[in-house]
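Reviewing the structure listed below.
Here, each number is a calculation from the coordinates, and none is a lab measurement. Predicted model, so just to flag it, every value in this text is computed and none were measured. Glycine gets a Cβ as well: all are built from the backbone with ideal geometry, and neighbour counts include every protein chain shown.
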Amino acid sequence: MTIATANRALAGVHVLVVEDDRSIGEQLVRGLSRAGCRVDLVGSAAAALAHFEAELILLDLGLPDGDGIELCQQLREVTSAPILVVTARDTEHERVTALDAGADDYLAKPFGFAELLARMRAALRRVRTEDTPTTIGHGPLTIDLAGQRVTVNGAEVTLTAKEFDILACLAAEPGRLVTREEVFDRAWDTHWYGPMKVLDVHIAALRRKLGDASLIETVYGRGFRLRQP
């Protein structure tokens with residue numbers, strides 16, 4: 001994964017940092033904000049339970065008004081967001097207890113910030129994979145992601161593997177502009193160094209096979225989007 005792709009994976013993600021040490025919390029806020037996250041910082045269990053509606057939670061176990069493990073259990077009851085325990089406690093018993101309480105991962109202080117971001121991306125990938133539908137219906141299109149099959153008005157269309165990957169990339173968020181760089185990151189090997197014009201060749205083939213060139217719109221100089229039905 002390229003650095004640019006890694007940064008995009010966290011862009012706009014709402015993170016709740018539960019940390020009673022203000023200086024550590026503010027360092028996390030600065031770093032996460034630079035990574036593109038939207039960050040709320042709270043310093044107590046009560047405040048965490050009042051602000052749990054985040055996409056990912058970083059949880060310190062040493063809190064002034066409650067046990068961190070108990071808080072983890074309470075958060076798990078009200079949210080499915082990934083919970084990453086970030087704490088100075090590093091015994092096997094504490095790691096096992098936290099994971100059994102509903103934490104998705106456990107990172108002991110001190111830690112490298114790059115590792116924290118990587119663990120956050122991994123946790124979000126797991127959640128997004130679980131939530132990803134196996135079939136996408138869009139107007140006349142039906143895309144079977146598991147079986148890698150595409151039908152148009154019920155008739156199967158034969159696509160190459162690369163054509164399928166490009167169409168699935170566009171269909172993941174119909175109507176949204178998908179930049180050329182995003183398509184390459186998601187449908188090609190991240191180490192692709194060939195001419196980017198190859199994407200236009202595949203798009204042209206896709207339009208021809210789908211039987212309606214207007215299904216895939218070109219935003220000149222920027223990328224493509226799947227037309228809203």
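Putting +1 on Lys and Arg Cβ atoms and -1 on Asp and Glu Cβ atoms, find which of Thr218, Leu167, Trp188 reaches farthest to the positive end of the dipole of the range 85-229. Selected residue: Thr218. Separation of the range 83-111 and the range 213-228, taken as the distance between their Cα centroids, equals 45 angstrom. Most tightly packed first, judged by the mean number of other beta-carbon atoms within 10 Å of their residues, the peptides 66-72, 150-156, 30-36 read 66-72, 30-36, 150-156. The calculated P(r) of the range 135-226, using every Cα pair and 5 Å bins from 0, goes 3, 13, 28, 28, 18, 8, 2, 0 in percent. Mind pulling the angle between the C-alpha long axis of helix 22-34 and the longest principal axis of the chain? Nearest 10 degrees, somewhere in 0 to 90. Tilt relative to the chain: about 10 degrees.
Rounded to the nearest 20 debye, the dipole magnitude of the range 3-131 is 740 debye, with +1 charges on Lys and Arg beta carbons, -1 on Asp and Glu beta carbons, and the Cα centre as origin. Here is the size of the chain from its Cα atoms: Rg then Dmax, 21.5, 63 Å. Rounded is the label for the range 3-131. Its Cα gyration tensor axes, ordered a ≥ b ≥ c, give a/c under 1.5.
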